[in-house]
1. Yes or no: ASN10 touching a Phe, Trp or Tyr at 6+ places or on another chain (Cβ under 6 Å) and in a helix (DSSP H, G or I)?
2. Please work out which one of (1) free of Cβ contacts under 8 Å to residues at least 12 places away in the same chain; (2) open to solvent by 70 Å² or more (accessible area, probe 1.4 Å); (3) assigned to a helix (DSSP H, G or I) is the condition ARG88 fails and give its number.
3. Checking MET70 against (1) within 20 Å of GLN93 (Cα to Cα); (2) open to solvent by 80 Å² or more (accessible area, probe 1.4 Å); (3) hydrophobic (A, V, I, L, M, F, W, C), only one condition comes out false. Which one?
4. For the range 96-112, which residues satisfy the criterion of being assigned to a helix (DSSP H, G or I) and open to solvent by 60 Å² or more (accessible area, probe 1.4 Å)?
5. Among the listed residues LEU44, LEU72, LEU82, LEU50, identify the single one that is farther than 30 Å from LYS102 by Cβ and at pLDDT 95 or above.
6. Out of curiosity, is ASP30 open to solvent by 100 Å² or more (accessible area, probe 1.4 Å), within 30 Å of TYR106 (Cβ to Cβ), in a helix (DSSP H, G or I) and of a type outside the set (Val, Ile, Thr)?
7. Looking at ASP48, ASP30, ASP59, which is the one that is of a type outside the set (Gly, Ala, Ser) and touching a residue at least 60 places away in the same chain (Cβ under 8 Å)?
8. Among (1) farther than 23 Å from LEU50 by Cα; (2) touching a residue at least 60 places away in the same chain (Cβ under 8 Å); (3) open to solvent by less than 70 Å² (accessible area, probe 1.4 Å); (4) not hydrophobic (A, V, I, L, M, F, W, C), where does SER76 come up short?
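The values are calculated or read from the model by the stated rules, or taken from the named source; none is laboratory data. In this text the structure is predicted, and so the values were computed from the model without any measurement. Neighbour counts run over all protein chains shown; Cβ positions are idealised from the backbone, glycine included. The accessibility values were calculated without ligands, DNA or RNA, using every heavy atom of the protein model including side chains. Shrake-Rupley method; radii C 1.70, N 1.55, O 1.52, S 1.80 Å.
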Amino acid sequence: MLALTACTSNLKKENEALRDEIEERREQLDSTLLRNLEEARQQLAVTDSLLNIARQEHDEQYEWVMENAMELNDRSPEVLQLNRLRARRDSLQVEFEKQAQKVKFYMNKTEK
């Protein structure tokens, strides 16, 4: 009977230790998710700023090219610059959308 009591006592201690370890890992996961959410938000803010700048530069160049379209051709430096600005704007838009999805993912994970 004493051996059975000792065995039960050891199992209880092991279960408590496992529960404590599980709780500790949950807390670590929560803090990691919050840290990742904050980093994703910061990256999103930077990307948003860069995207706004790229949009403005593209729009200004587009207006200039449209105003002077009769004197320009496809190989004009201004048209080539417009194409580069468009490519940069588009790639930043894709990056922005990716970052926004990342923020949504971490927000959903931290709410649960």
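1. Criteria not met by ASN10.
2. (1)
3. Result: MET70 passes all but (1).
4. Hits for the range 96-112 are GLU97, LYS98, GLN101, LYS102, LYS104, PHE105, MET107, ASN108, LYS109, GLU111.
5. Details: LEU44 fails: farther than 30 Å from LYS102 by Cβ; LEU72 fails: at pLDDT 95 or above; LEU50 fails: farther than 30 Å from LYS102 by Cβ.
Exactly one of LEU44, LEU72, LEU82, LEU50 is farther than 30 Å from LYS102 by Cβ and at pLDDT 95 or above, namely LEU82.
6. no
7. Only one candidate passes the filter, namely ASP30.
8. Exception for SER76: condition (2).
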